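Data first, discussion second: the structure below is written as structure tokens.
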Amino acid sequence: MASFKDEVLSRRTFAIISHPDAGKTTLTEKLLLFGGAIRAAGTVKGKKTGKYATSDWMEIEKQRGISVTSSVMQFEYAGKRINILDTPGHQDFSEDTYRTLMAVDSAVMIIDAAKGIEAQTIKLFKVCRMRGIPIFTFINKLDRQGRPPLELLAELEEVLGIESYPMNWPIGMGKEFLGIYDRYHRRIEQFRVDEDERFLPLNDAGEVEGDDPIKENALYDQALEEILLLNEAGNEFSEERIANGKLTPVFFGSALTNFGVQTFLETYLQFAPSPQGRMSDAGVIDPLSEQFSGFVFKIQANMNPAHRDRIAFIRVCSGKFERGMSVTLARTGKQMKLSQSTQFLADDRSTVDEAVSGDIIGLYDTGTYQIGDTIYSGKQPVQFEKLPQFTPELFVKVSAKNVMKQKSFHKGINQLVQEGAIQLYRTWHTEDYILGAVGQLQFEVFEHRMKNEYNSDVVMESIGSKIPRWIYEDAVDESLSSSRSLLVKDRFGKPLFLFENDFALRWFSDKHPEIKLYNPME
Ligand code: G4P
């Protein structure tokens, strides 16, 4: 049996961030296949076949064929225990997607070689950068004609502002894709040839030995030239800069054809961090410390339509979780026994008896937990840092359909807001309810849960996308509130304006330089 320390050090917990269609599902499936966690590809997502993956629990998920909330997949590879936290790759992603990034130690960013950096990737990237976690880039779909690799690298650095170090480099692309020049392993990995002959070693000069046919191809020469350029003018490889998220190692490949995936996985495992310490009110909590602690980063409701159970997802930050153990909920100081726990694999909800730092467990919840809650065992109280409040982008006005049912309406809203499912605002004077979300789907989940859990039909009227900017209390001037800059308060009573668009925001700042506008996320 491995020691507790070895167990913890073998964990690699990460999320894949990408824009929809870049290939996240495909890459995830390939990674799971290497780990033997699934028998055949195609089980993660079945939107084409009508079969739904088990990560698509909620009804809404089923209707749309997408995964609303992130599930967790665990597998072993090369002595490492890997936890992949899935993030919804749909435009309707929610705050849970962001929060999932609070529970990982690194991220894998997939980019479609033909499309480059896309909107959702930028949003998710920013959250990762805020945390300073290592980001590994996989540029996908090399079996198709994409944009020139040098251009993609330049875009990475310009748009995301992160330095890059290509670990390998494509030789050709699309119909003429010959393979990748692996700078790190000093070999060429050939595309679609027998496994045995797949690798061509490179000599000291960085060229293929002898007279292999690849050397006669002009694309090979071109790749060598580009490598030369990278060697001379590119960034230097630095493990330290990778570790603090300043430099992203870039891998090229094709998830669909399973090309470059294994090399990626193996190299990734070499540089990806084991569970990292986490800030609490008692200082950084060491993942190797024996006292169990963890925090709730996501609450998923109605996974089983027959029950109204919820699952609170907990990232274990230190110690060992054991089924039946007693813990304290830091927010209330209440002790409780954790008897019902569940761990999530791609195709099964299996019970977990033990988990260590870096692992994710799901606890059946009957309304005990809120997003950001800390639980711990032992006598030493711990409270982890608060999770950030993500700035919403979409807003709706909401009211109860049946005016006689105000009570259940208010109860439902308050609980869902506390739980972290949605954000609540009220207009400054009239106290009308406005809900904010980072993705449309949050509103649908809200509506669904209000009806099913609180028996409250709601009326939602979209007021579209807005740019929220907070102001200081003493700057409140109601006469400045208009449809273009709506003055509201958040659930803590703090004033903010909802600007109609960038233009309205700029116009306002120019006109009222005395009012300081701020975004808590920045
Ligand atoms: P996502 O989870 O990031 O949304 O992407 P997903 O893996 O579902 O992949 C999106 C589409 O891109 C899929 O096409 C998938 O087969 C394709 N794809 C993924 N990796 C590669 C690759 O390396 N090369 C090529 N050529 N295609 C790749 P699809 O199933 O036909 O669906 P769709 O395109 O109709 O959505």
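Some points to look at:
- Across the range 317-332, computed HN-Hα scalar couplings (Karplus, 6.51 cos²θ - 1.76 cosθ + 1.60, θ = phi - 60°) run 9, 7, x, 10, 8, 10, 4, x, 6, 9, 9, 10, 8, 4, 4, 10 Hz from first to last residue, x flagging Gly and Pro.
- Amide hydrogen neighbours beyond the local backbone of Lys320, cut-off 5 Å, H modeled: Phe292
- Across Lys337/Lys379; Lys298/Lys466; Lys24/Lys115; Lys334/Lys411; Lys397/Lys466, pairs whose alpha-carbon gap is larger than 21 Å: Lys298/Lys466; Lys334/Lys411
- Between Asn452 and Met336, full extension at 0.36 nm per residue minus the direct alpha carbon distance yields a gain of 39.0 nm.
- For the range 199-261 versus the range 155-195, the spacing of their alpha-carbon centroids is 6 Å.
- The chain: angle of helix 406-419 to the longest principal axis, Cα-based, in degrees nearest 10: 30
- Axis of helix 440-454 versus longest Cα principal axis of the chain: the two differ by about 50°, to the nearest ten degrees.
- For the pair Ser3 and Glu157, a Förster radius of 35 Å applied to the C-beta separation gives a FRET efficiency near 0.25, rounded to the nearest 0.05.
- Per-selection Kirkwood Rh - the chain (Cα, Å, 1 d.p.): 24.8
- The distance between label points at Glu431 and Val193 comes to 7.5 nm (points 7 Å beyond Cα on the Cα→Cβ vector).
- Between helix 218-233 and the chain there is an angle of about 60 degrees, using the helix long axis and the longest principal axis of the Cα atoms.
- With N the number of residues in the range 422-504, Rg(Cα) / (2.2 N^0.38 Å) evaluates to 1.17.
- Efficiency of FRET between Val284 and Glu209 - r from beta-carbon atoms, R0 35 angstrom, step 0.05: 0.10
- With a simple spin-label model that places each label point 7 Å from the Cα along the Cα-to-Cβ direction, the separation between Lys175 and Asn501 comes to 4.3 nm.
Throughout, read-outs are computed from the coordinates displayed, never taken from laboratory work. Quick caveat, the model's predicted, so the values are computed rather than measured. Neighbour counts are summed over all protein chains in view; Cβ atoms, including those assigned to glycine, are modelled from backbone coordinates with ideal geometry.
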